[in-house]
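The values are calculated or read from the model by the stated rules, or taken from the named source; none is laboratory data. The structure displayed is predicted, hence computed values, not measured ones. Counting neighbours? That spans all protein chains shown, and the Cβs are built from the backbone with ideal geometry, glycine included. These area figures cover heavy atoms from the full protein model, side chains too; ligands, DNA and RNA do not enter into them. Shrake-Rupley method; radii C 1.70, N 1.55, O 1.52, S 1.80 Å.
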Amino acid sequence: LMGAYDIFEIVVTGKGALRIAGEPGVPERVLHARNVEIGMAPDGTTVTSLIARDQVVLDLPGTKGQPSKSVSSNALVASGAPGKGLTAATFTDEVQYRETGGTPPVKREVTARTLDTALNGGLGDIREARFAGNVRLRDPNGGTAANAPNMRYDVPTGQVELTGAPGEVVPRVVTEQI
């Protein structure tokens, strides 16, 4: 087929992988899922919505000494705006977040019911991660283990904030560093 076409939505069904190109010199990110729906801005190149269901895995290779990240869950809903790309993503149902490698090397794992992320224009750039529901953090390299109802993780700085509410389980941290 020859000619120009406007693409506003892409639907992929069946087990597959969506490879997301990055800036030059940045490894591609990969989204695996059984079903993916992608909404596009009128420019036909900017992703403004993404829904993935069933066996969702987002693999984000580390760059410039940063650890690689992997998020798995049973559902992902991401949204954004034309000209900005994706600005928020929510992973739900059996969330597992992992960071490995980097300089210095890390090995962290967080499990929770949900993960809300603030993005810098795409799935490959998570600025902040907010975990909710029976959150468990394990960092064997740092000798740390924590449990809490909620956790906020500032990804660029590595700062973690554990919170709860009256009547909920009190956040608990065990670490070799204190």
Quiz item: Out of all the residues in the stretch 44-58, is one or more under 30 Å from PRO171 (Cα atoms), in contact (Cβ under 8 Å) with a residue 12 or more places away in the chain and of a type outside the set (Val, Ile, Thr)?
Solution: yes
Quiz item: Which residues, counting only those in the stretch 158-178, are among the polar types (S, T, N, Q) and either open to solvent by 100 Å² or more (accessible area, probe 1.4 Å) or within 13 Å of PHE131 (Cβ to Cβ) (or both)?
Solution: GLN159, THR163, GLN177
Quiz item: Across the stretch 44-58, which residue is farthest from ARG98 (Cα to Cα) among those that are open to solvent by less than 50 Å² (accessible area, probe 1.4 Å) and part of a loop (DSSP other than H, G, I, E, B)?
Solution: GLY44
Practice problem: Can you tell me which residue within the stretch 59-72, out of those that are modelled with pLDDT of 95 or more and either in a loop (DSSP other than H, G, I, E, B) or polar (S, T, N, Q) (or both), is farthest from GLY143 (Cα to Cα)? | Solution: SER72
Quiz prompt | Boolean, ALA89 is farther than 19 Å from ARG19 by Cβ and open to solvent by less than 20 Å² (accessible area, probe 1.4 Å) | solution = no
Quiz prompt | Residue in the stretch 64-84 that is within 30 Å of PRO104 (Cβ to Cβ), within 13 Å of the chain's Cα centre (by Cα) and open to solvent by 60 Å² or more (accessible area, probe 1.4 Å) present | solution = no
Quiz item: Can you tell me which residue in the stretch 101-133 is nearest to SER49 (Cα to Cα), limited to those that are modelled with pLDDT of 95 or more and in contact with a Gly (Cβ under 9 Å, 6 or more places away or on another chain)?
Solution: THR114
Exercise. Grab the strands (runs of 3 or more DSSP E) fully contained in the stretch 73-178, keeping just those with 3 or more residues being on the phi < 0 side of the Ramachandran plot and among the basic types (Lys, Arg).
Key: 106-121, 126-139
Quiz item: Pairs, please: C-beta under 8 Å, at least 6 apart or cross-chain, first residue farther than 16 Å from PRO67 by Cα and in the stretch 151-169, second assigned to a loop (DSSP other than H, G, I, E, B) and of a type outside the set (Gly, Ala, Ser)?
Solution: LEU162/PRO171; THR163/PRO171; GLY164/VAL170; GLY164/PRO171
Quiz item: Assuming VAL36 fulfils every condition listed in (1) open to solvent by 40 Å² or more (accessible area, probe 1.4 Å); (2) of a type in the set (A, V, I, L, M); (3) at pLDDT 90 or above apart from one, which condition is it?
Solution: (1)
Quiz item: Applying the selection to the stretch 126-145, what residues are open to solvent by 70 Å² or more (accessible area, probe 1.4 Å) and over 19 Å from GLY164 (Cβ atoms)?
Solution: ARG127, PRO140, ASN141
Quiz item: Before we move on, is TYR153 surrounded by 16 or more Cβ atoms within 10 Å (Cβ to Cβ), within 13 Å of the chain's Cα centre (by Cα) and more than 26 Å from ARG34 (Cβ to Cβ)?
Solution: yes
